[in-house]
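K.L.:
The structure under discussion is supplied below as structure tokens; questions concerning it will follow.
The values are calculated or read from the model by the stated rules, or taken from the named source; none is laboratory data. What you see is a predicted model; the values in this text were computed from it and never measured. When we count neighbours, we look across all protein chains shown, and the Cβ atoms used for this are built from the backbone with ideal geometry, even at glycine. To get the accessible areas, we keep the full protein, side chains included, count just its heavy atoms, and leave off ligands, DNA and RNA. Shrake-Rupley method; radii C 1.70, N 1.55, O 1.52, S 1.80 Å.
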Amino acid sequence: MKELIPKIGLEIHLELKTKTKMFCSCLNNPEEIIPNKNICPICVGHPGVLPTLNKKAVIFAYSLAKALKMKLNNKCYFSRKHYFYPDLPKNYQISQYELPIGENGFLELIRENFRKKVRIRRVHLEEDTAKNIHMVDYSLIDFNRAGIPLLEIVTEPDLNSPEEVEIFAEEFVLLLRYLNISEIKAEKGGIRFEANVSLGEGNQLGTKVEIKNIGTIQALKTAVKYEISRQEKTLSEGKNIFQETRGFDESKGITFAQRSKEEAEDYRYFPEPDLPPLFFGENLSEELANIEIPSDKKDRFIREYNLTDKEVVILTKSKFLSHFFEESFSELSQMINDFDMSKKLILNYLINDLWGLIQQYVENEESLKDIESEIISPHEFAHLLFMFHQGKISSRGVKEILAFCLTEKKRVENILQEKEKISDLEIIEKIMNKVLAENPKAVEDYLKGKKESFEFLIGKMMKESKGRIDPYLGKKLLLDKLTNLKSEA
Ligand code: ZN
Ligand code: MN
């Protein structure tokens with residue numbers, strides 16, 4: 001038997017971070033714990049009510065389709081997908097069928113020594129269903145989730161191992177974070193994965209098995225891994241794989257048969273008569289259209305900065321980190337006029353020190369903004385490294401300042417100003433003249449031969465400058481001045 005290669009495709013359902021639901025003005029709050037709080041006649045499917053489309057949800061869907069480089073259907077419409085289930089009060093789900101928002105795109109995966117373009121078949125908008133809560137001998141329904149905007153993303157079966165599935169899911173979640181269109185918190189159900197897995201020779205697909213309803217990337221990887229080995233074992237025993245839907249038992253780490261799927265289900269799709277078709281002009285949203293997605297950023301960083309795969313993977317993990325890298329690099333390379341040295345310094349202290357510290361003190365991406373406005377800006381970071389490059393601060397000093405500022409919530413610039421020695425002669429002279437004018441008695445004493453007065457005057461100058469005068473220059477200038485005064489006397 002020839003070698004069988006796993007072919008895995010994913011279907012992802014994603015809750016969008018809009019203020020209100022898809023077709024009514026009820027709050028979209030996935031964290032609401034009081035059942036049936038955010039509901040109205042529209043989202044519980046009363047007869048005769050009419051849906052109104054949420055514009056923000058359309059913009060979010062459009063921006064994801066664009067980020068996945070899809071062919072955008074500038075005219076599309078909604079369809080009714082009919083099926084009966086207790087969590088679906090209308091007996092149909094408003095979804096998209098023949099013309100989704102986007103078709104035929106791809107997501108590029110870039111890792112160390114690994115590159116792959118995974119084709120995306122379609123992205124469409126639909127509404128979420130209610131939630132069934134099964135008790136021992138009865139079930140309850142919570143409609144808070146009914147009508148929350150949902151994006152469905154379907155990939156081609158281009159992934160060939162559990163590891164590739166994991167990389168894809170991570171890259172996809174990173175993309176969502178960049179676009180800021182969805183709140184993904186593990187275990188909260190903001191994202192649901194389905195994987196279809198088959199084994200086939202070469203490019204051929206085998207009999208496809210679908211694994212439903214997986215909530216985390218880790219569970220997705222485990223489920224796919226288990227399913228591949230189950231199919232390998234079944235085939236090696238000379239048995240057949242049945243086309244079926246399987247569930248995943250996370251505690252046992254196994255998939256289990258749910259129902260067989262001989263034919264495609266017939267949902268009797270037809271165009272939703274209560275919603276007009278959608279027409280998109282170009283630039284539906286300027287702000288979202290201009291976002292550089294992580295894989296493009298990786299490509300550009302490799303080209304522009306001559307970085308390694310490993311470095312770009314780290315730098316693009318967070319929008320903050322990549323922005324910080326670019327801004328501080330641009331400042332530092334102007335200060336020291338050395339491309340490679342600037343890159344080396346920034347990468348070293350950004351990845352190994354600053355980013356590590358930030359992760360200890362910052363909980364989420366949102367509060368990273370405060371770090372920049374309150375503790376350290378890319379400009380300040382470049383300034384700090386410039387002082388290190390000039391030999392004014394040691395490597396240990398750099399690390400200490402960063403750690404101190406982050407733990408004590410102090411601005412780096414303030415610490416630097418205190419630390420930076422004044423070596424500008426004009427400024428030292430100004431300070432000296434002020435001290436001399438304020439202390440005529442000490443000057444007189446010195447001229448009369450009292451040597452201790454010199455130390456007193458230097459002490460005053462240091463105090464006046466908050467210790468920032470370069471001591472060597474300060475002493476030299478004061479001595480010259482006093483010697484002059486002596487010869488004049
Ligand atoms: Zn509602
Ligand atoms: Mn769906």
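K.L.:
For Lys75, list the lysines whose Cα falls under 22 Å from its own Cα; do not include residues on the same chain fewer than 8 positions away.
P.N.:
Correct list for Lys75: Lys55, Lys56, Lys66.
K.L.:
Calculate, for the range 47-170, the solvent-accessible area per residue in square angstrom, rolling a 1.4 angstrom probe over the heavy atoms of the protein chains.
P.N.:
43
K.L.:
Continuing with the same structure: Using a simple spin-label model with points 7 Å from Cα along the Cα→Cβ vector, what separation in nm is obtained for Leu235 and Cys40?
P.N.:
5.2
K.L.:
A further question on this structure: Given the DSSP H assignment, sum -39500 (n - 2.57) over each helix run of at least 4 residues in the chain and divide by its residue total; what's the result at 222 nm in deg cm²/dmol, nearest 500?
P.N.:
-12500 deg cm²/dmol
K.L.:
A further question on this structure: State the extension gain, in nm to one decimal, for the chain segment bounded by Tyr138 and Asn439, taking 0.36 nm per residue of separation less the distance between their alpha-carbons.
P.N.:
99.2 nm
K.L.:
Something else: So how much accessible area does Val443 have, in Å² to the nearest 10, using a 1.4 Å probe?
P.N.:
For Val443, solvent-accessible area is about 20 Å².
K.L.:
Now for a different question. Straight-line reach from Lys434: which lysines have a Cα under 24 Å away, not including same-chain ones fewer than 8 places off?
P.N.:
Straight-distance partners of Lys434: Lys419, Lys421, Lys448, Lys450, Lys451, Lys460, Lys463, Lys466, Lys475, Lys476, Lys481, Lys486.
K.L.:
Would you mind giving the three semi-axes, in whole Å and largest first, of the ellipsoid equivalent to the chain according to its Cα gyration tensor?
P.N.:
64, 27, 20
K.L.:
Would you pull out the residues with amide H under 5 Å of Met22's amide H, same chain only if 5 or more places away, H placed 1.01 Å from N?
P.N.:
Ile148
K.L.:
I would also like to ask the following. Can you tell me the length gained on complete extension of the stretch Gln360 to Asp274, counting 0.36 nm per residue apart and subtracting the Cα distance?
P.N.:
Gain on stretching Gln360 to Asp274: 25.9 nm.
K.L.:
Among Ser373, Pro30, Asn196, flag the residue with its Cα farthest along the positive direction of the charge dipole of the chain, charges on Cβ as +1 for Lys/Arg and -1 for Asp/Glu.
P.N.:
Ranked along the dipole, the leading option is Ser373.
K.L.:
Magnitude of the Cβ-charge dipole of the chain, K/R +1 and D/E -1, about the Cα centre, nearest 20 debye?
P.N.:
700
K.L.:
R0 = 35 Å: FRET efficiency of Ser423 with Ser367, Cβ-based, nearest 0.05?
P.N.:
0.40
K.L.:
Another question, then. Report in % the part of the accessible area of the chain that belongs to carbon and sulfur, leaving out ligands and nucleic acids; probe 1.4 Å.
P.N.:
C and S atoms contribute 51 percent here.
K.L.:
By how many nm would the segment from Asn91 to Ile33 lengthen if fully extended, with 0.36 nm per residue of separation less the alpha-carbon distance?
P.N.:
Length difference between fully extended and current span is 18.4 nm.
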